[in-house]
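Reviewing the structure listed below.
The values are calculated or read from the model by the stated rules, or taken from the named source; none is laboratory data. None of the values given here were measured: they were computed from a predicted structure. Cβ placement follows ideal geometry from the backbone for every residue including glycine, while neighbour counts extend to all protein chains displayed. For the accessible areas, the whole protein counts, side chains as well, though only heavy atoms, and no ligand, DNA or RNA atoms are used. Shrake-Rupley method; radii C 1.70, N 1.55, O 1.52, S 1.80 Å.
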Amino acid sequence: MRPSDRTPDMLRTVTLETGVNRYAEGSCLVSFGHTKVLVTASVEERVPGFMRGRGVGWVTAEYGMLPRATHTRGRREAAEGKQSGRTQEIQRLIGRSMRAVVDPVALGERQISIDCDVIQADGGTRTAAITGAWVALRMATQYLLDEGVISKDPIVDQVAAVSCGVYANTPVLDLEYEEDSNAEADANFVLTGKGDIVEIQATGEKRGFTQDEFEALFSLARKGIGELCEAQRAATSK
């Protein structure tokens with residue numbers, strides 16, 4: 001039995017609330033159960049130096065956890081003077097995930113910066129951030145289309161992410177913290193709406209896991225991401 005009494009193939013309650021920041025071109029407050037991430041997408045009329053003059057756009061991301069997002073207060077990384085390796089890895093993952101479904105030529109020579117701030121963490125912060133980031137990105141690109149800044153939709157597909165793991169010897173979908181910290185193996189899956197793989201991160205935590213277990217996790221991820229894509233479409237059609 002899972003701590004939440006969910007069945008193995010059940011997501012936590014997922015909400016995607018848009019328009020939560022009045023200044024950003026796109027914004028989303030995403031909740032996966034008790035995990036909550038505020039995501040904003042900001043349009044900037046510039047690109048990194050290495051891309052100037054090429055006529056193509058760029059999507060990048062930053063990620064951070066607020067001091068009391070977890071059970072005990074953590075220091076702000078700005079106060080430490082540097083980002084942790086974990087933070088850098090996650091924000092690069094978010095950026096890669098968004099760029100996988102964006103046509104940079106259609107975006108034009110401008111940048112969309114995605115900021116993901118974890119308000120409350122109960123497992124799956126990176127997967128929640130990716131899922132909410134697509135919603136914020138969709139809102140920002142729709143703003144550019146509505147304003148006539150661009151003429152072609154740069155979004156070529158959806159992208160969402162979910163965690164899966166082997167908990168109590170059972171493959172389960174969407175790990176909360178108690179499951180994540182006690183899982184024999186866990187994985188993060190990033191897939192497009194069409195089902196293409198963007199990235200898979202899989203680790204044996206307490207033991208190695210079999211190919212059959214991996215395939216079971218992958219099957220769960222496909223089901224969960226299908227449901228997350230439906231939620232994204234509902235959120236962005238309002």
Which residues in the range 86-104 have a backbone N closer than 14 Å to a point placed 7 Å from the Cα of D157 along the Cα-to-Cβ line? 97-103
In degrees rounded to 10, the 0-90 angle between helix 211-236 Cα long axis and the longest Cα principal axis of the chain is 40 degrees
Could you pull out the trypsin sites (Lys or Arg not before Pro) across the range 76-181 that fall in loop regions by DSSP (anything but H, G, I, E, B) with no more than 14 other Cβ atoms inside 10 Å? R76, K82, K152
Compute the helix-to-body angle for 85-99: its Cα long axis versus the longest principal axis of the chain, expressed 0 to 90° and rounded to tens. 60 degrees
Whole-number accessible area per residue in Å² for the range 14-236, which is evaluated in the context of all protein chains at 1.4 Å: 46 Å²
Under 5 Å between amide hydrogens, which residues at least 5 positions from M10 or on another chain qualify, with H placed 1.01 Å from N in the peptide plane? L173
Treating the range 81-157 as a set of equal point scatterers at the Cα positions, no solvent, please give the Debye-formula log₁₀ I(q)/I(0) at q = 0.11, 0.19 Å⁻¹. -0.33, -0.83
With 0.36 nm assigned to each residue of separation and the Cα-Cα distance removed, Q142 to M51 gains 30.4 nm
Would you please give the residues with an amide H less than 5 Å from that of V198, counting only those at least 5 places away or on a separate chain, with H modeled from the backbone geometry? V190, L191, T192
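What is the percent of Cα-Cα separations in the chain that go past 23 Å?
Details: 13545 of 28203 pairs.
I get 48 percent for the Cα pairs in the chain exceeding 23 Å.
Rounded to the nearest whole Å³, what is the per residue volume of the convex hull around the Cα atoms of the range 149-238? Write down the numbers at each step before the final one.
Working: hull volume 10.3 nm³, N = 90.
Spread over its residues, the Cα hull of the range 149-238 gives 114 Å³ apiece.
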Could you check the spin-label model distance between R68 and V149? Points 7 Å from the Cα along Cα→Cβ, value in nm. 3.6 nm
Percent of accessible area on the chain owned by carbon and sulfur, 1.4 Å probe? 47 percent
